[in-house]
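Heads up, the thing below is written out as structure tokens.
The values are calculated or read from the model by the stated rules, or taken from the named source; none is laboratory data. Note that the coordinates shown come from a computational prediction; the quantities given were computed from them, not determined experimentally. Here the Cβ is made from the backbone with ideal geometry for all residues, glycine too, and neighbour counts use every protein chain on show. Side chains are part of the model used for accessible areas, which takes the heavy atoms of the whole protein and leaves out ligands, DNA and RNA. Shrake-Rupley method; radii C 1.70, N 1.55, O 1.52, S 1.80 Å.
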Protein chains: 2
Amino acid sequence: MSVPMRDCHREITAWMEALGATVRVDAAGNLRGLYPEMKAGAPRLLLGSHLDTVPNAGAYDGILGVVLAVALLEELGGRKLPFGIEVVGFSEEEGVRFGVPFIGSRAVVGRLDEGLLMRKDARGISVRQAIQDFGMNPAEIPQAGLDDGTLGYLEFHIEQGPVLEKLGRPLGVVEAIAGQSRMEFRFVGRTNHAGTTPMDLRYDALAAAAEWITVVEREAQSVGGLVATVGSIEAEPGATNVIAGEVRASLDVRHREDAVRTRAVEDVTREAERIARARGLSVSWETRLSQDAVAMDAWLAGEIEQAVHKSGCEPQRMVSGAGHDAMILAEKVPAAMIFLRTPGGISHDPAESVAVEDVAKAIECGVHLLDQLASSAEFLKRTGRA
Amino acid sequence: MSVPMRDCHREITAWMEALGATVRVDAAGNLRGLYPEMKAGAPRLLLGSHLDTVPNAGAYDGILGVVLAVALLEELGGRKLPFGIEVVGFSEEEGVRFGVPFIGSRAVVGRLDEGLLMRKDARGISVRQAIQDFGMNPAEIPQAGLDDGTLGYLEFHIEQGPVLEKLGRPLGVVEAIAGQSRMEFRFVGRTNHAGTTPMDLRYDALAAAAEWITVVEREAQSVGGLVATVGSIEAEPGATNVIAGEVRASLDVRHREDAVRTRAVEDVTREAERIARARGLSVSWETRLSQDAVAMDAWLAGEIEQAVHKSGCEPQRMVSGAGHDAMILAEKVPAAMIFLRTPGGISHDPAESVAVEDVAKAIECGVHLLDQLASSAEFLKRTGRA
């Protein structure tokens, strides 16, 4: 909720107002532009993504989805639909400042509670204080909540992975957001002199951790759709001429099916124990995060698939390995996502990019999708207010 | 060259003077006590070890060898031998302060050169300055050099490893000090999102390094007497949810035969290349140290073996995996070492210990050894001055 964010809000507000939307910033710092429905009192469709990003980031993660939503309003050319369209630019999706992601979307589903408001950034400023400093009133957070007549949430986002590029497809239909487990493992052996300790008298924590990392990789390679990563490792004492007595290593496991993920976590944990025991070491672990998979709305996914087809592309059904605001919105309303091919799978990096042609296809797909939804009695019936 | 070192010098000086030795501190900070020979002008035997140690160390590494030398003078009970005995307490063996080990013993063999004197500690104080601050004159370093009539150098030292304990033998006869190679390897892959990058599209530098570490361990286990250690590892960016794009890992390889060590280094380097290539990564390496093995004097080792036998122990011929002052002295004079069993192999740790019985055996062995040398025409002829 910084000066650049204010500039960003001002710019997008101007675009949306020019297209006939009424724009406000809610008390959680989300930018919200309401493009009116054909007939007052009709339900609304949410369309958006997040406006924040990470340090040293690229230019597309998040904001592309908001710009695409505005582009779709522009494509309507003043035409009204049987539902209103609320464009949302969520705040604080990445969790960089307060260490907790999805602050903006949590407010929208009514989960920005007191605990979260007390959470402080590195300089000791709480979420509550940051909201006030941005000129907003934390007491008005309840008004950031979803309108009763919300039909659903649609989010365009770059894939941030290499799958669509690899397959040569510009657009992906997200079926689910993978569940994830994050853990920390600690192998404890014995620090010894690298020169005076024969190989058969060692209790080398790094050799044990290395063996385990190769097992984690093999396990993930053997199960379809499973990803498992050891991204962080620390060896103590960490000297060239000293056998490591302790190693801490992280584990990140994701899969669309919670049972598969849970089984994989059990497998690699058992393997860690087996490796440690065989070497006379001990191993312990802590679970830092265990988050279930979230299904996207199947009906909306089907509609997206049709719309992708109509725009001349082969749709790719896929699972998102990363979390997104859509995951939070799905708690309350039917939610769906469309991924855009990400060159090199590169994201969270200044080299992050997206092809102009792919963005054009996304807009074309979005227009088809809005038309499909506007003409679907089934969709408009969903909130019971259409 | 600190206050505790001055106290240490004062204490040992008092012991040696009481035994009839003439004590000085040379310009490199080595404490040197000369116990006179039977007949003036006879050659001398050097007996000692180092007086410095590492931070958070035990009480025996180094200093035990100096104390044992003094104990042997005491055992002589005033008796003179056909050679003088110079007890040396070397300074700066560990290399903690200036990052360069063996400063004291280098001075004794004439290798404390200008480059080394200019070397600075963490506070910017040079070796030269530290010598002056200790009240000594760097210009007098040449006088620290070996006397022409030096017969050899004997060093008692704790093993700092688990071998003697494992074999149930109190004393070891060091045949050689292993050569060592120290290297740093750098695996470069590609940083990617741990959730959105399928297993088959990864260039995981940590998975590659882990595979290599297991290969390094296997290689060392397959070659007799070889030790190879990866003790230090760093993964970048080092986050739980990010695939590591770069890993730096150290390598320490030691063996008594330089050809075996060199071949092992070539093998694991080739393996690093093979692993990196198979995964689409690159790998590079730098050699930080390549130090040849140093043989101890075979004749002296044979005499030590006999003396160990005479003291009622089974001698264990062995290779020192760690460097010692004896390695430096061997450049100029016949050098030999006797290892004392080290409980648990624990060293450079407050838990470092040695059994009183083993120290008694070491003294008994030392007395036999001095008697053997005193009665060996062969030994006394070695410098051509006896």
Checklist entry - What do you get for Rg/Rh of chain A when both radii come from the Cα atoms and Rh is the Kirkwood radius? => result 1.05
Item to check | Cut-off 11 Å between beta-carbons: net charge of the residues surrounding A:Val230, Lys and Arg +1, Asp and Glu -1 | outcome: -3
Next on the checklist: How would region B:139-199 be classified by its alpha-carbon gyration tensor: rounded, prolate or oblate, with rounded meaning a/c under 1.5 and the a/b versus b/c comparison settling the rest?
Outcome noted: oblate
Next on the checklist: What does the structure give for B:344-354 when I average, per residue, the other chain Cβ atoms found within 10 Å of the residue Cβ?
Outcome noted: 2
Checklist entry - Taking all protein chains as present, what is the carbon and sulfur share of the accessible area of region A:229-386, in % to the nearest whole number, probe 1.4 Å? => result 48 percent
Item to check | Separation in nanometres of the label points that stand 7 Å from Cα toward Cβ, at A:Val96 and B:Val356 | outcome: 6.6 nm
Checklist entry - Which value, in Å², gives the accessible area per residue of chain A when a 1.4 Å probe is used on the protein heavy atoms? => result 39 Å²
Next on the checklist: Under 8 Å for C-alpha pairs, at least 6 residues apart: give me the relative contact order for region A:182-307, rounded to a whole percent.
Outcome noted: 36 percent
Next on the checklist: Could you work out the pair-distance distribution P(r) of the protein assembly as shown from its alpha-carbon pairs, with 10 angstrom bin width and percents rounded to whole numbers?
Outcome noted: 3, 12, 18, 16, 12, 11, 9, 8, 6, 3, 1, 0, 0
Next on the checklist: Which one, B:Val333, B:Cys365, B:Gly345, projects farthest toward the positive side of the charge dipole computed for region B:326-366 from Cβ point charges (K/R +1, D/E -1)?
Outcome noted: B:Val333
Item to check | Whole-angstrom gap from region B:147-173 to region B:82-102, using each part's C-alpha centre | outcome: 16 Å
Checklist entry - How much of the DSSP beta bridge set in chain B is antiparallel, as a percent to the nearest 5? => result 65 percent
Item to check | Computed label-point distance, nm, for sites A:Ala278 and B:Glu273 using a 7 Å Cα→Cβ extension | outcome: 3.0 nm
Next on the checklist: Just want to confirm a number: the relative contact order over chain A, from Cα pairs under 8 angstrom separated by 6+ residues, in percent.
Outcome noted: 23 percent
Checklist entry - B:Glu114 to A:Glu331: FRET efficiency via 1/(1 + (r/R0)^6), r the Cβ-Cβ distance, R0 60 Å, to the nearest 0.05? => result 0.25
Checklist entry - Mean shadow of region B:228-386, computed from the convex hull of its alpha carbons, in nm²? => result 13.9 nm²
Next on the checklist: Measuring from the axis that superposes chain A on chain B, report the chain A residue with the minimal C-beta distance, rounded to whole Å.
Outcome noted: A:Ala210, 2
Checklist entry - Which of the aspartates and glutamates could a cross-linker bridge to B:Lys80, judged by Cα under 18 Å and excluding same-chain residues fewer than eight apart? => result B:Glu17, B:Glu37, B:Glu364, B:Asp371
Checklist outcome for this item: Mean-square fluctuation maximum in Gaussian network of chain B, Cα pairs under 10 Å, restricted to B:Ile131, B:Ile233, B:Ile158, hits B:Ile233
Item to check | Protein accessible surface hidden between A and B, which excludes ligands and nucleic acids, total in Å², probe 1.4 Å | outcome: 4000 Å²
Checklist entry - Hey, for A:Ser376 with labels 7 Å out along Cα-Cβ, what do the inter-copy distances come to in nm, ordered shortest first? => result 9.5
Checklist outcome for this item: Amide H proximity to A:Val242 below 5 Å, modelled H, separation 5+ or other chain, gives A:Ala194
Next on the checklist: So, taking all protein chains as they sit and a 1.4 Å probe, how much accessible area belongs to A:Arg256, in Å² rounded to tens?
Outcome noted: 100 Å²
Checklist outcome for this item: region A:208-223 and region B:315-335 have their Cα centres apart by a whole-number Å value of 42 Å
Item to check | region B:300-343: C-alpha gyration tensor shape, a/c 1.5 cut-off, then a/b vs b/c | outcome: oblate
Item to check | Distance between region B:50-67 and region A:1-65 - C-alpha centres, whole angstrom | outcome: 68 Å
Item to check | Helix axis angle, A:3-18 relative to chain A longest principal axis, alpha carbon, degrees | outcome: 30 degrees
Checklist entry - Anyone know which of A:Met38, A:Met296, A:Met327 comes out most mobile in the 10 Å Cα GNM of chain A? => result A:Met38
Checklist outcome for this item: Computed, not fitted: 222 nm per-residue ellipticity of chain A from DSSP H runs ≥ 4 (each -39500 (n - 2.57)), nearest 500, equal to -10500 deg cm²/dmol
Checklist entry - Out of B:Ala205, B:Ala69, B:Ala28, any idea which swings most in a Gaussian network model of chain B, alpha carbons joined below 10 Å? => result B:Ala205
Checklist outcome for this item: Counting other chain Cβ atoms within 10 Å of each Cβ in A:125-137 and taking the mean gives 0
Checklist outcome for this item: Taking the label point 7 Å from Cα along the Cα-Cβ vector, the copy-to-copy distances for B:Asp147, listed from shortest in nm with one decimal, are 10.2
Checklist entry - What is the spin-label model distance, in nm, from A:Glu286 to A:Glu140 if the labels are put 7 Å beyond Cα along the C-beta direction? => result 4.0 nm
Checklist outcome for this item: Percent antiparallel among DSSP beta bridges confined to the protein assembly as shown, nearest 5, equals 65 percent
Checklist entry - Taking the label point as lying 7 angstrom from Cα along the Cα-to-Cβ axis, what are the distances from B:Ser284 to the corresponding position in the remaining copies, in ascending order and in nanometres? => result 4.1
Item to check | Peptide B:160-166 - average C-beta neighbours from other chains (10 Å radius) | outcome: 4
